[in-house]
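Below is one structure, written out as structure tokens, with a few remarks after it.
The values are calculated or read from the model by the stated rules, or taken from the named source; none is laboratory data. All values reported here derive from a predicted model rather than from experimental measurement. Cβ coordinates were reconstructed from backbone atoms using ideal geometry, including for glycine residues, and neighbour counts include every protein chain displayed. Heavy atoms of the whole protein, side chains included, go into the accessibility calculation; ligands, DNA and RNA do not. Shrake-Rupley method; radii C 1.70, N 1.55, O 1.52, S 1.80 Å.
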Amino acid sequence: MSEPLVFLPGMMCDSRLFEPQIVEFSKERMVCVAPVTGFDSIKAIASEILEKTPPQFILAGLSLGGIIAMEMVRQAPSRITKLILMDTNYKAELPEVSAKREQQIIAVKEGRLKEVMRNEIKPNYLNEGSEKEFILNLCMVMADNLGEQAFIDQSKALSSRYDQTETLKKVKVPTLILCGLNDRLCPVKIHEEISFLVKNSTLHIIPNAGHLPTLENPKATNGILKEWLKVIMMYLTKR
């Protein structure tokens, strides 16, 4: 039986962020998407997910999900057999970004969640392309479904996160690092740094994609994931 694959979505996203991957990989293994809500710290969210996941599994996180994935590796490195980090950031948040989040939290508490998502957050997510409007609309629906408290909790968790450089240096499992070529939130340079820190890593840059390559370019994303898993399994079998 193939190892379970656990996906962690980005901010104000749910399982629909990974729908093309769920369709593809559930043919061969158990696939689940863990919610990244309910707490206002990365440490608490990671701990909660670890309590509810299998003893060992492949872990894949995008954006906020990648930040939580790194914390899960820090807390329980023996639980994760393979690591996939997508369009994420390993550094602590900059003070000016935290200050902007505070203003967004105030606006959301005033009932302006849709406005904040539409005008300040989602426009930075996507590459220009034929599916952009559809994906933006889906993102708005996911955010609306998750609601104001999820936004507030996730914003506070991101603001208080800490640098995971030392965690990445200690990663010993095979690691895949993916980034959309035109990701403005978590640019390619950050992922090159992650690849340098993680000795057992492979870096792929996905064309025609911004911050959400799982939806923007699912064919390329799935192809890379599938080939990487195949190569890693062949290598481990021969050892």
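Values computed for the structure shown
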quantity	calculated
Candidate set: region 121-137, residues that are open to solvent by 70 Å² or more (accessible area, probe 1.4 Å) and part of a helix (DSSP H, G or I); chosen: the one modelled with the lowest pLDDT	Glu133
Selection within region 197-218 - among the β-branched types (Val, Ile, Thr) and touching a Pro at 6+ places or on another chain (Cβ under 6 Å)	Ile206
Hits in region 108-120 - residues which are modelled with pLDDT of 95 or more, touching a helix residue (DSSP H, G or I) at 6+ places or on another chain (Cβ under 8 Å) and either polar (S, T, N, Q) or surrounded by fewer than 16 Cβ atoms within 10 Å (Cβ to Cβ) (or both)	Lys109, Gly111
From the options Ile80, Ile84, Ile49, residue that is more than 16 Å from Leu158 (Cα to Cα) and without any contact (Cβ under 8 Å) to a residue 60 or more places away in the chain	Ile49
Boolean, Asp163 is within 17 Å of the chain's Cα centre (by Cα), acidic (Asp, Glu), open to solvent by less than 30 Å² (accessible area, probe 1.4 Å) and farther than 18 Å from Ile58 by Cα	no
Region 183-206 - residue that is modelled with pLDDT of 95 or more and in a loop (DSSP other than H, G, I, E, B) and, of those, farthest from Gly38 (Cα to Cα)	Val198
Single residue of region 67-83 satisfying the filter (over 14 Å from Gln56 (Cβ atoms) and touching a helix residue (DSSP H, G or I) at 6+ places or on another chain (Cβ under 7 Å)) that is surrounded by the fewest Cβ atoms within 10 Å (Cβ to Cβ)	Gln75
